[in-house]
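Remarks on the structure that follows.
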Amino acid sequence: MNLRQIEILRAIIRHNTTVAAARVLGLSQPAISNALKAMEEQAGFALFQRVNNRIYPTAEASIIAEDAEALFDLHDKLERRIKDLRESRAGQLRLVATPPLGYGIVTKSIQKTQSLRPKIRTYFDVRRYEGVVNGVESHNAELGFILAYGGKPGLQSEKLYECKMVCVMPVGHPLSSKNEITPRDLRDHHFIALERETRLGEATRAVFEQEGEEFNFSSEVRYGNTACALAEAGAGIAVVDPLTAYSGRFKTDVRPFVPAIPIAAYAIWSENRSLSRLARFFLDRVKEVISELPKDLQ
């Protein structure tokens, strides 16, 4: 028996007449009768007993129908799964981000997504710039989120957000009285530099060179989070991205840094893999979170 025949058998058992079964299945009564005849010929034994205008399943037909219920349960489960995937209500999200985005925008977007799609499962990691690119290239993550992305063959990207780097310092620091901070202002103060060969670290060094100021630092760190933690502890002043500076995790004073160092946030994904419906749904949530950022982060 094929699945259609089993479905007909099940309908006849449930409704006791070929007319009712035909109505439920959207078939003609002769089609149901012909299918029943074919099933009995294939099986080699009677499936129904006919009494007056009704038919009743034989013990053999009842056994077949009972065993077939598992098939219909599986079919119903598959249909629900397809519907969930179509509406992005189920599935897996694999994400990776650099710390400035990972510890703020992406985490808020995950919360938003899960509140709307509680059945999804999220795999999320925070890595350095190279780790985000490698994670997407190796397909360990479907979406990556990164600051100051420089582009790479095989990856697609979308610019999500633009901002300017800022200066963070201990609360009440003498430079807090200034409306903006320049490289010259940092001459006589302990300076916390972002690591050389990182994109933000190199961008900061370029501005000092442009202004003719010596790039003299007392501490060098890889991440803006580390720089802010040191600034909060009174170890110096740092130039970092505003997402980290205004994250609320650190008690520091924050001022604009000039000349401005513009940076942008990007989403990246593999060029040879189209984004899933769920990934696109998540990307829309990221854009919503970005649209809600305060003006200080613009």
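A few notes on this one:
- Mean Cα-pair separation over length for the stretch 84-166, i.e. relative contact order, pairs under 8 Å, 6 or more apart, %: 36 percent
- Rounded FRET efficiency, nearest 0.05, which uses the C-beta distance separating residue 54 from residue 288 and R0 of 45 Å: 0.15
- Given +1 at the Cβ of Lys and Arg, -1 at the Cβ of Asp and Glu and no other charges, the dipole of the chain around its Cα centre is 1120 debye to the nearest 20.
- For the stretch 232-240, 3J(HN,Hα) per residue [Karplus equation, 6.51 cos²θ - 1.76 cosθ + 1.60, θ = phi - 60°, Hz, x = Gly/Pro]: 4, 7, x, 7, x, 10, 9, 10, 9
- Contact order, relative form, for the stretch 1-56: 33 percent (alpha carbon pairs under 8 Å, 6 or more residues apart, mean separation divided by residue count).
- Positive-end ranking of 294, 263, 224 along the dipole of the chain, with charges on Cβ about the Cα centre, is headed by 294.
- Remark: the stretch 125-228 carries 51 Å² of accessible area per residue (probe radius 1.4 Å; ligands, DNA and RNA excluded).
- DSSP beta bridges confined to the chain are antiparallel in about 60 percent of cases.
- Under Karplus coefficients 6.51, -1.76 and 1.60, residue-wise ³J(HN,Hα) of the stretch 271-288 in Hz, glycine/proline x: 5, 8, 9, 5, 5, 5, 4, 5, 5, 5, 4, 5, 4, 5, 5, 4, 5, 5
- Violating pairs (Cα-Cα greater than 22 angstrom) within the set 159/251; 119/295; 77/287; 108/287; 164/251; 159/295: 159/251; 119/295; 77/287
- Among 152-158, 21-27, 112-118, the order from most to least packed when residues are scored by Cβ within 10 Å on average: 21-27, 112-118, 152-158
- The value of relative contact order for the chain, using C-alpha pairs under 8 Å at least six residues apart, is 21 percent.
- Centroid-to-centroid, using Cα positions, the stretch 223-298 and the stretch 97-170 are 10 Å apart.
- Hz values of 3J(HN,Hα) by residue in the stretch 37-45 - Karplus curve (6.51, -1.76, 1.60), Gly and Pro given as x: 4, 5, 5, 5, 5, 5, 6, x, 7
- Listed by chain and number, the aspartates and glutamates whose C-alpha is less than 14 Å from the C-alpha of residue 112, apart from same-chain residues fewer than 8 away, are 284, 288, 292.
- On the beta carbon distance between residue 28 and residue 77, with R0 = 30 Å, the FRET formula returns roughly 0.50.
- Close amide H contacts of residue 263 (hydrogens built in the peptide plane, cut-off under 5 Å, sequence separation of 5 or more or a different chain): 163, 164, 165.
- Of the solvent-accessible surface of the chain, computed with a 1.4 Å probe and all protein chains present, 48% belongs to carbon and sulfur.
- Of the residues 107, 98, ranked by 1.4 Å probe accessible area with the largest first, the sequence reads 107, 98.
- The helix-based estimate of mean residue ellipticity at 222 nm for the chain, built from -39,500 (n - 2.57) per DSSP H run of four or more residues and divided by its residue count, is -13500 deg cm²/dmol to the nearest 500.
- Cβ-Cβ distance of residue 62 and residue 123, R₀ of 41 Å, FRET efficiency by 1/(1 + (r/R0)^6): the value works out to about 0.35.
- Distance between the 7 Å Cα→Cβ label points at residue 112 and residue 274: 2.5 nm.
- Option label - Kirkwood radius over Cα pairs in Å computed here, alternatives (1) 19.2; (2) 20.3; (3) 23.8: (3)
The values are calculated or read from the model by the stated rules, or taken from the named source; none is laboratory data. Not measured: the values here are computed from a predicted model. Glycine also receives a Cβ, built like all others from the backbone with ideal geometry; neighbour counts cover every protein chain displayed. Quick note on the areas: whole protein, heavy atoms, side chains included, nothing else; ligands and nucleic acids left out. Shrake-Rupley method; radii C 1.70, N 1.55, O 1.52, S 1.80 Å.
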